[in-house]
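Structure record follows, encoded as structure tokens.
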Amino acid sequence: MPWFSITLRIHGETLDPCEVTDALKHSPTSSCCKGDRASGTSLSAHTGKWSLKFTPESLPLEDCCDAVEHILTLLPDDPAIWKAITLHHRADFFIGLCLDTKNRGIELSPELMSALAIRGVKIGFDVYSHEAESS
């Protein structure tokens, strides 16, 4: 069974995490304002950030596209809310996908692509395989 993690990431120069939380009516798993210092480091954030991360433990669905569709049901579907966010900030779903074997595919349904497009949200994949490389 493939393993995945999914993070909805919103970031931008002027991003105020509290405003995103209010708009999306959902608390982030992590957030910061531009210039905030990351815990345990002397580095400061280059942009504001709001992110909502899901793992197989927190979202026990086997298909990552089904999981993204489920996450969208947890958030407002009003295009005006998303337009207000994406007008000034970048938003994407980042999916870390680890497949059981090489040469596996993934499909995005037209409904999911439409839902992301209406919201102005990109989707990106980091894809890995557990299968050992042959020499």
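The values are calculated or read from the model by the stated rules, or taken from the named source; none is laboratory data. Everything quoted here is computed from the prediction, not taken from an experiment. Because the Cβ atoms are built from the backbone with ideal geometry, glycine has one as well, and the counts that use them run over all protein chains shown.
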Odd one out for His46 among (1) closer than 16 Å to Ile10 by Cβ; (2) surrounded by 15 or more Cβ atoms within 10 Å (Cβ to Cβ); (3) without any contact (Cβ under 8 Å) to a residue 24 or more places away in the chain: (2)
Qualifying residue in region 124-131 (condition: assigned to a loop (DSSP other than H, G, I, E, B), at pLDDT below 95 and within 22 Å of Val20 (Cα to Cα)): no
Tabulated pairs, region 80-95, first farther than 14 Å from Ala23 by Cα, second assigned to a helix (DSSP H, G or I), C-beta under 6 angstrom, 6+ apart or interchain: Phe93/Val68; Ile95/Cys64
Options Cys33, Cys64, Cys98: the member that is surrounded by fewer than 18 Cβ atoms within 10 Å (Cβ to Cβ) and closer than 19 Å to Gly124 by Cα: Cys98
Residue match in region 77-91 (condition: within 15 Å of Ile6 (Cα to Cα), part of a strand (DSSP E or B) and at pLDDT 95 or above): yes
Flag for Trp82 being more than 13 Å from the chain's Cα centre (by Cα), of a type in the set (Phe, Trp, Tyr) and over 30 Å from Ser129 (Cβ atoms): yes
Selection from region 1-36 of residues that are assigned to a loop (DSSP other than H, G, I, E, B) and farther than 23 Å from Cys98 by Cα: Glu13, Thr14, Leu15, Asp16, Lys25, His26, Ser27, Pro28, Cys33, Lys34, Gly35, Asp36
Failed criterion for Ala67 (all others in (1) small (Gly, Ala, Ser); (2) in a strand (DSSP E or B); (3) within 28 Å of Ser129 (Cβ to Cβ); (4) out of contact with any Asp or Glu (no Cβ under 7 Å at 6 or more places or on another chain) hold): (2)
